[in-house]
1. Residue by residue through the range 50-63, note down the ones that are among the basic types (K, R) and loosely packed, with under 10 Cβ neighbours inside 10 Å.
2. Check I16, I20, I38, I31 and return the single one that is part of a helix (DSSP H, G or I) and either loosely packed, with under 10 Cβ neighbours inside 10 Å or modelled with pLDDT under 95 (or both).
Amino acid sequence: MAGTLTSRHEKTSVKILKLIGLILFELVKQIWLLPETIANFIKGRQQQKLVNEMEVERLDRIRNPHKYRGK
């Protein structure tokens, strides 16, 4: 009985250590990718800003066609 109890504790300890290792790996991976993530975020915001500006002009052309006659 004592042998199986020790074996269970060892298995549990190995599982816990494995989980901690995986968590640390993912943390290091996220830290490593942080600059790329920030750059992608900034790029996405710039692209969205351009899309919003184009949409504002499109809606203005629809609402006020007289301002854009001849252009």
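The values are calculated or read from the model by the stated rules, or taken from the named source; none is laboratory data. Worth saying up front: this structure is predicted, and the values here are computed from it rather than measured. A quick note on method: Cβ atoms are made from the backbone with ideal geometry, for glycine too, and the neighbour counts reach across all protein chains shown.
1. Scanning the range 50-63 gives a single hit, R63.
2. Numbers: I16 fails: either loosely packed, with under 10 Cβ neighbours inside 10 Å or modelled with pLDDT under 95 (or both); I20 fails: either loosely packed, with under 10 Cβ neighbours inside 10 Å or modelled with pLDDT under 95 (or both); I38 fails: either loosely packed, with under 10 Cβ neighbours inside 10 Å or modelled with pLDDT under 95 (or both).
Exactly one of I16, I20, I38, I31 is part of a helix (DSSP H, G or I) and either loosely packed, with under 10 Cβ neighbours inside 10 Å or modelled with pLDDT under 95 (or both), namely I31.
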